[in-house]
Amino acid sequence: MSSSPSHGLNLAQQDAVNYLHGPCLVLAGAGSGKTRVITHKIARLIQAGLEPKRIAAITFTNKAAAEMRERAKGLIGKAAKEVRICTFHALGVHMLRESGEVLGLKPQFSILDSDDVTSILKDAGGSVDAATARQWQWTISSWKNMGLNAEQAEAQAADDNERIIARIMARYEERLTAYQSVDFDDLIGLPLKLLRDHEDVRAKWQQMMGHILVDEYQDTNATQYEVLKALVGSHDPQNSRFTAVGDDDQSIYGWRGATLDNLKKLPVDFPNLKVIKLEQNYRSTSSILRAANNVIGPNPKLFPKNLWSDLGEGEPVRVVDADNEEHEAERTVARIQSLRASSQHKEFRDFAVLYRANHQARVFEQALRRAQIPYKVSGGQSFFDRAEIKDLCGWFRLWVNNDDDPAFLRAVTTPKRGIGHQTLQQLGVFASKYKLSLFEALFSSSLGSVLNARAVGSLHEFGRYLNDLEYRARHTQGAEDARAFLNDWLKDIGYEKHLYDSEDNEKVAATRWTNVMEFCDWMAQRCGGQIDDAAGVTLASEKKSLLEVAQTISLLSTISEREQDQNVVTLSTLHASKGLEWPHVILAGVSEGMLPFKLDEGADSVGGSTREHEAANESIAQRLQEERRLMYVGITRAQRTLAVSWPRRKKKGREMVAAQPSRFIAEMALDQATVKEDPREKLRALRAEFAKKAQETAAAQALAGST
């Protein structure tokens, strides 16, 4: 560690790093070096005598946690390993594994993914419709984020539909308890229950947490704030030692429970809160920051701030209009080619095209392909997140680890095998009582005391089938044998029929089955032997067993995060772009109805009382503020150049309708010097210039050769 952890920081950053003895809110504007402040503060706390293991730095994504861990390691060396750097959910898992027994959870409890939850909710609500179950899931999740249980949710239900969902929630919670499982929201809600209801557990965790640093504080929901308060001991606000780092101007996750109320509550709950603003931006030029400050200006401010930069004025922000969406994509490609020819930042990885919704990517993908420009799409669904791939991976996980309870639940119910939820519930209670996994419990000699002979027989049949599959997978080697094994197995469990039965749309079912075939082919190829690669060349490789390949499946979902240095253009939603930056950014599709997104369903379309009109207008105002923050996030991703584009006409169904530029373009208040450009003209001029230079060079060489 360097002698002074605040070395190389500006005055505001130093202030944030050196304030150690009370609650602190660091308002970190975009590109103002917040990660630097957090890692330097960790170093400063250690220098001041706090044990590394008593410091917790909480972030919102595994990727952010990994980056912070790496930065902390570079600054403080080995001590960084002892600092608890993790997400809110990972901290929740750790608390529940260590202290969850008082809530009736065994340490090996399972964490259900979104598809597992949908499946259990369909069962609990007696529905076969996945869309309905997902709607229930969304409502239950929002209740859990507000800290409500099923009984409280029913007591405050607004209508009959909400009362029904609250009762389904009660049955859903019973099933989770029986399966010794939790969902993603429980990883925050149950730790709060632990801390609130069990004084000894609260005292233990408060003692373990000497100082808590929370990154992206504006993205916390109500329950996360209560967990933070319980951990830092809000009964003594003078000595509560935490540092919240965030930016109210970048709060863009209201739709998933994040609330700016948490920023408003801090000065009230902690009266001696020290507020420090980081306003110097190290990322963008002045022209980009001026546009950002102007856009965010109309939003009400909790803590006013103004970003500034000493990187110089830079290129003016460009506004590019286009005839339609295809034309907009062509102009975007022309801009990329033009900047690659004239800018010092000319790698494909230096460019990003950002938009409001996933469906907007398609026309840009087509235009980039035509121009033979490599790209990647961020913020869309990963192949490994598709339900059908997760189904197969559930079986593979169970071959590798019989104690994986969520994988057991997925495999035993997908496709259905005549083993109902009551049987699984009793199996779960039995497994919990004897501290067994569901798979171990299935073969227990005393299982017959809680289940009838038919249910035990069905479970034994499933267990034997699984053991047989595991044995065969261990002895299946090479691509050809693996492909045959996987095809036979899918036929055996009737997976294709299951897909067609569970989808209303036959086309969707066919696409999902194609995904399954592709995945099995991919698995088989990795078993070695003769492989056809994408170019059609046959390669030889070492043979592996199917079980060996299945063991590596868990790594695959994180591989894409490691491929950060691909030299490709990034296509990304604005939400997925947060925390990232590029030299050149194009904000695309910036038109009314897209950004801001559909604000016209408001007071004018609401019947009823004045009060209902006011409530609708208040909702529109809040949505507009969040959309404005989304625009602000997009603008502040740009380091050197920014173009904002919009189509004059866009598709609505099968028709073309007139579009209006987003109000945010006017709000950027770009001065008269701003150029409305046609990148194709610039590209033509550059090509002409290069051709002229080439001719001059050739003429000079010819002249030199003749003398």
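The values are calculated or read from the model by the stated rules, or taken from the named source; none is laboratory data. Because the structure is a prediction, the values reported are computed rather than measured. Virtual Cβ from ideal backbone geometry, glycine too; neighbours counted across all protein chains shown. Protein only, heavy atoms only, side chains kept; ligands, DNA and RNA dropped before computing areas. Shrake-Rupley method; radii C 1.70, N 1.55, O 1.52, S 1.80 Å.
Structure data summary
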read-out: Dimensions in Å of the stretch 35-84 - Rg and Dmax from alpha carbons; value: 9.8, 29
read-out: Portion, in percent, of the accessible area of the chain that falls on carbon or sulfur, probe 1.4 Å; value: 49
read-out: All Cα pairs of the stretch 248-334, percent lying beyond 14 Å; value: 76
read-out: Listed residues 131, 35, 595: farthest to the positive end of the dipole of the chain (Cβ charges); value: 35
read-out: Karplus 3J(HN,Hα) series, Hz, for the stretch 446-456 with 6.51 cos²θ - 1.76 cosθ + 1.60 (x for Gly, Pro); value: 9, 4, x, 6, 10, 10, 6, 4, 5, 5, 4
read-out: Calculated diffusion of the stretch 1-134, Stokes-Einstein form, Kirkwood radius summed over Cα pairs, 37 °C and 0.692 mPa s, µm²/s; value: 186
read-out: Ellipsoid semi-axes in whole angstrom, largest first, where each is sqrt(5λ) of the Cα gyration tensor of the chain; value: 45, 36, 28
read-out: Over the chain, relative contact order from alpha-carbon pairs under 8 Å, at least 6 apart, %; value: 17
read-out: Packing-based order for 269-282, 179-192, using average beta carbon neighbours within 10 Å, highest first; value: 179-192, 269-282
read-out: The stretch 626-667 and the stretch 410-440: distance between their alpha carbon centers, rounded to Å; value: 51
read-out: About the Cα centre, charge dipole magnitude for the chain (Lys/Arg +1, Asp/Glu -1 at Cβ), debye; value: 1600
read-out: Among the listed pairs 41/193; 63/390; 578/598; 53/274; 122/204; 73/578, those beyond 28 Å (Cα-Cα); value: 41/193; 122/204
read-out: Amide H contacts of residue 378 (H built 1.01 Å from N, under 5 Å, at least 5 apart or other chain); value: 571, 572, 573
read-out: ³J(HN,Hα) computed for each position of the stretch 272-288 - Karplus, 6.51 cos²θ - 1.76 cosθ + 1.60, integer Hz, glycine/proline x; value: 9, 4, 8, 10, 10, 9, 9, 10, 7, 9, 9, 10, 10, 6, 4, 5, 5
read-out: Surface per residue (accessible, 1.4 Å probe) for the stretch 273-329, Å²; value: 40
read-out: Among 413-421, 395-403, 428-436, the order from most to least packed when residues are scored by Cβ within 10 Å on average; value: 395-403, 428-436, 413-421
read-out: Distant-in-sequence amide H partners of residue 593 (H built 1.01 Å from N, under 5 Å); value: 598, 599
read-out: Additional length obtainable on full extension of the chain from residue 370 to residue 419, 0.36 nm per residue less Cα span; value: 12.5 nm
read-out: Amide H contacts under 5 Å for residue 278, placed H, 5+ residues apart; value: 27, 28, 29
read-out: Beta bridges by DSSP in the chain, antiparallel share as percent, to the nearest 5; value: 20
read-out: Difference of contour (0.36 nm per residue) and Cα-Cα distance, residue 203 to residue 378; value: 58.8 nm
read-out: Dipole axis of the stretch 252-379 (+1 Lys, Arg; -1 Asp, Glu on Cβ), positive-most option in 258, 282, 299; value: 258
read-out: Mean Cβ neighbour count within 10 Å, used as a protection proxy, ranking 652-665, 136-149 highest first; value: 136-149, 652-665
read-out: Area accessible to solvent at residue 308, 1.4 Å probe radius, in Å²; value: 120
read-out: Per DSSP, loop trypsin sites (Lys or Arg not before Pro) in the stretch 281-364 with at most 15 further Cβ within 10 Å; value: 301, 346
read-out: Under Karplus coefficients 6.51, -1.76 and 1.60, residue-wise ³J(HN,Hα) of the stretch 27-39 in Hz, glycine/proline x; value: 8, 9, x, 3, x, 9, x, 5, 5, 4, 4, 5, 5
read-out: Prolate/oblate/rounded label for the stretch 84-238 (Cα gyration tensor, a/c 1.5); value: prolate
